[in-house]
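*Asks:* Following this message is one structure expressed as structure tokens.
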Amino acid sequence: MERRKFFGSTLAGGALLGSKSARAQTKQSDSFAKTKKSNPFFKVDYEMSGYNPFSISSDVIFDKDLVIEHAVKGQPHKGKVFVAIQPHADDIPLYCSGLCSKLVNEGYTGHIIRMTNEDMSGRGTVGEGMAYIELHDANIAKACGMEKSIDLNFSKHRLETVHIQELKMRLVFLFRALKVDTVITFDPYNSYEENPDHWMTAYATMPACWHAGGGKEYPEFRKAGIDGHSVREKYYYPRSPQGHNIINRIVDISDVIDQKVKANIASVNFGPAGINGSVLRQRLAQEGKRLPILGNTDDEANFNYIKDLLMEDWHALGKEFGLEYAEAYHYIGPDYDGYSSISEYVEKNAVPLK
Amino acid sequence: MGKINNISKAVLGSVAAGMTGAGNAAAAPVAEVESPANGRPHRGKVFVAVHAHLDDIPRYCGGTIAKLLKEGYTGYLVRTTNDEKIGGLTNANNVLVHEQEHLNMAKALGFKDVFELYTREHRVHDISPIEIRGRLIFIFRYLKADTVISYNPRMNCEEDSDRLFAGKAVEEACHMSGMDNDFPEYKEGGVYPYSVSERYCFSTNPGDMFNRVVDIGSTIEGKINAIAECKIRGGGVKGAELRKELAAQGKKLAILGNNDAAANREYIRNFIMKPSSTFEGIDNYGLEYAERFMYFDDRKTGEELAVEDYIKTNAEKL
């Protein structure tokens, strides 16, 4: 696939987004603070490596209240559940396996939901490609410490023919049955996104997060003891080929970069990662050459190819914020609770009747 | 397949009725007659009845429903639409009144619970068929439905798209409810595949195929009770209305009795419930009251039955 042209990063002051939703354990980096003072718009120029055709978008708007989410010690999120929703089996490894690994380390139970059956992917026949990729879901989940992968098996590249209400219904069911607190998926506003599976997944996920807590949506699920459960946080990963994503959260994945690499190794038989390192090493050997970064074994080649080449863009993003590696998101936190503000106002301002 | 055997009999039943005309005693009865069973042989089994509108199940198969419940089944009712279009009120009030009467009707017939899907009446083509199928599969699996009762999806000349859509969705959901790879995520909620093994499909129009005639003579009062709860649609209050109209003209009808409740029941009995002697196609089965169905027995496939029959006649000692 031809690599799309990326513009340099742009900066603009974004609208204030969810200031009440910032996680307690985050802080802004010093470099960000310095940049903000010297320029009214938040400008970061970072050089994309050009090694990864499916990297993050380079044309983003960084919110002026950007939050940097660092790793948290202990397991403060024990008891909480997240799902990472991917249309294709290589999306989570590429875009958000760092965040997934971090959240698992911090106590979350995580699950993958894969929307399509990958019938257009992989080497061999359609059936061979599908069966092979199905096996790897379990490996990808294992690499990130997630519990399992749930496959909805829609036909690949045909998700726009599926009625969105069916997608919503099935996601609402899963959000309720698994008691999902946090959802990770594609940004529904990825500009000029050519892949219909990406935007249909995102469009269906958005309302499903909201309806999962609803009282009258799908009452038959309640009758079966599967009660409503509100999704409280969303991390949307950006992939606008052109146009802008609004980024308001940078997640430090320095501690879990090796897990991200291993998740990408598990994407064998499709995508830019997998075993492409060892394939390259073997090809060079046949030509009487070698690449030092690929090491001396196939396992080293696979690992190093991904870490040193494919992960370079996440390394570049991280460096701008004083981190080794980072992933960028549009984060939406718990809904603004107007009722508690009114309660506070009443508490402060109520006066005796007489 | 068992289904082919059922259909071939049904063709005979329908053709015989059609060719000889309604009520013609010369037509030979070919459909199977299901008589009331002694005791409660179906104890532990579950049926789900699915209809689009408040009055369809009571009108077309209320007697069979009451019979199966009497014989030990636990029954559940599903309504697919919100019935917003009928009733003479605003949409919202039509929905509200139908909702209340639907619960009352279900209670009168003896259903254990009611599931409402609330799709908009007459707008079924807005809806994803797969979504409705998925919801029905969920209900069939959760309830462990052995038997399903709904419309014949091949009804002729049925103008109501809600009925045809429901019949088709039910047929497909019954087919797939037992399959592991259809909606596999339901396992995450503890709801596992479960095969529906028998189906009763009713038609709203005479002349449609049938292969089973159910004797509802012993449960006719239950059927009348259920129809009487269908007031906003279905004729449940027509007896009282007629009695009032006649009284305004200085007249009365003896069969309508002395009060509204009696008038409603007797109107239903005499004018809505046609004794089978006047209902096309089943008048020659010798039953006072009957309901007719296309019945599908999926407990064994035609292949399994053929193998069993063949073994019976051809197996030899080793």
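*Asks:* Helix A:338-349 against the longest principal axis of chain A: what's the angle in degrees, Cα atoms only, rounded to the nearest 10?
*Replies:* Value to nearest ten degrees: 40.
*Asks:* Amide H neighbours of A:R249 under 5 Å, counting only residues 5+ apart in sequence or on other chains, H built in-plane at 1.01 Å?
*Replies:* When sequence neighbours closer than 5 places are left aside, the close amide H contacts are A:V67, A:Y329, A:Y331.
*Asks:* Just round it to a whole percent: the fraction of Cα-Cα distances in the protein assembly as shown exceeding 49 Å.
*Replies:* Result: 34 percent of Cα pairs exceed 49 Å.
*Asks:* Considering chain A as a Gaussian network with a 10 Å cut-off on Cα pairs, which listed residue, A:N105, A:N195, A:N117, attains the greatest mean-square fluctuation?
*Replies:* In this elastic network of chain A, the residue with the biggest mean-square fluctuation among A:N105, A:N195, A:N117 is A:N195.
*Asks:* How much length, in nm to one decimal, is gained on full extension between B:T301 and B:T90, taken as 0.36 nm per residue of separation minus their Cα-Cα distance?
*Replies:* Between B:T301 and B:T90, full extension yields an extra 71.1 nm.
*Asks:* Mind pulling the angle between the C-alpha long axis of helix A:164-177 and the longest principal axis of chain A? Nearest 10 degrees, somewhere in 0 to 90.
*Replies:* 80 degrees
*Asks:* Between the stretch A:281-319 and the stretch A:56-111, how many Å separate their Cα centres?
*Replies:* 25 Å
*Asks:* Within a Cβ distance under 13 Å of B:N181, other residues only, what is the Lys/Arg minus Asp/Glu net charge?
*Replies:* So the environment of B:N181 carries a net charge of -4.
*Asks:* Below 8 Å, C-alpha to C-alpha, sequence gap of six or more: please give me the relative contact order for chain B in percent.
*Replies:* Relative contact order comes out at 26 percent.
*Asks:* While we're looking at this one, here's another question. Grab the Cα-Cα distance for A:N296 and A:D258, subtract it from 0.36 nm times how many residues apart they are, and report the gain in nm with one decimal.
*Replies:* Length gained, A:N296 through A:D258: 11.8 nm.
*Asks:* Would you mind giving the mean number of other chain beta-carbons within 10 Å of the Cβ of each residue in B:142-150, as a whole number?
*Replies:* 1
*Asks:* To continue, here is another question. Need one value for B:189-199: mean number of C-beta atoms belonging to other chains within 10 Å of its residues' C-beta atoms.
*Replies:* Per residue, the number of nearby Cβ atoms from other chains is 2 on average.
*Asks:* Write down the percent of antiparallel bridges among all DSSP beta bridges whose residues are both part of the protein assembly as shown, to the nearest 5.
*Replies:* Of the beta bridges lying entirely in the protein assembly as shown, close to 25 percent run antiparallel.
*Asks:* Where does each of A:D298, B:D283 land when they are ranked from fewest to most other beta-carbon atoms within 10 angstrom?
*Replies:* The most exposed by this proxy come first: A:D298, B:D283.
*Asks:* For the stretch B:32-93 and the stretch B:141-219, compute the distance between their C-alpha centroids and round to whole Å.
*Replies:* 12 Å
*Asks:* Summing -39500 (n - 2.57) over the DSSP H runs of n ≥ 4 in the protein assembly as shown and dividing by its residue number, what mean residue ellipticity at 222 nm do you reach, to the nearest 500 deg cm²/dmol?
*Replies:* It lands at -11500 deg cm²/dmol.
*Asks:* With no other cysteine's Cβ closer than 4.7 Å, which Cys residues of the protein assembly as shown count as lacking a disulfide-compatible partner?
*Replies:* Those would be A:C96, A:C209, B:C61, B:C157, B:C174, B:C201, B:C230, since no other cysteine Cβ in the protein assembly as shown comes under 4.7 Å of theirs.
*Asks:* Among A:K142, A:K348, which comes first, second and so on when ranked by fewest other beta-carbon atoms within 10 Å?
*Replies:* A:K348, A:K142
*Asks:* For B:K244 and B:S161, what is the calculated FRET efficiency with R₀ set at 35 Å and r taken between the beta-carbons, to the nearest 0.05?
*Replies:* According to the calculation, E is roughly 0.50.
*Asks:* Could you work out which residue, out of A:D91, A:D137, A:D299, moves most in a Gaussian network model of chain A, that is, has the largest mean-square fluctuation with Cα springs under 10 Å?
*Replies:* Evaluated over chain A, the most mobile residue of the options is A:D299.
*Asks:* How do B:M155, A:M169 line up, fewest other C-beta atoms within 10 Å first?
*Replies:* Lowest count first: B:M155, A:M169.
*Asks:* Can you give me the relative contact order of chain A as a percent, contacts being Cα pairs under 8 Å and 6 or more apart?
*Replies:* This gives 22 percent for chain A.
*Asks:* Provide the FRET efficiency to the nearest 0.05 for the B:N270-B:N181 pair, computing r from the beta carbons and using R0 = 60 Å.
*Replies:* 0.70
*Asks:* Can I ask one more? How are the Cα pair distances of the stretch A:230-349 distributed, in percent, across 5 Å bins from 0?
*Replies:* Calculated P(r), rounded to whole percents: 2, 10, 13, 14, 14, 12, 9, 7, 5, 4, 3, 2, 2, 1, 1, 0, 0.
*Asks:* Take chain A, connect every pair of alpha-carbon atoms lying under 10 Å apart with a spring to form a Gaussian network, then pick out the residue of A:E217, A:E344, A:E327 with the largest mean-square fluctuation.
*Replies:* Highest fluctuation of the listed residues: A:E344.
*Asks:* With bins 20 Å wide starting at 0, give me the P(r) of the stretch A:24-337 over every alpha carbon pair, in whole percents.
*Replies:* Cα pair-distance distribution for the stretch A:24-337, in percent: 32, 58, 10, 0.
All of the numbers you see were taken from the coordinates with simple rules; none came from a lab. Given the structure is predicted, the values throughout are model-derived calculations rather than measurements. Cβ atoms come from the backbone with ideal geometry, glycine included; neighbour counts cover every protein chain shown.
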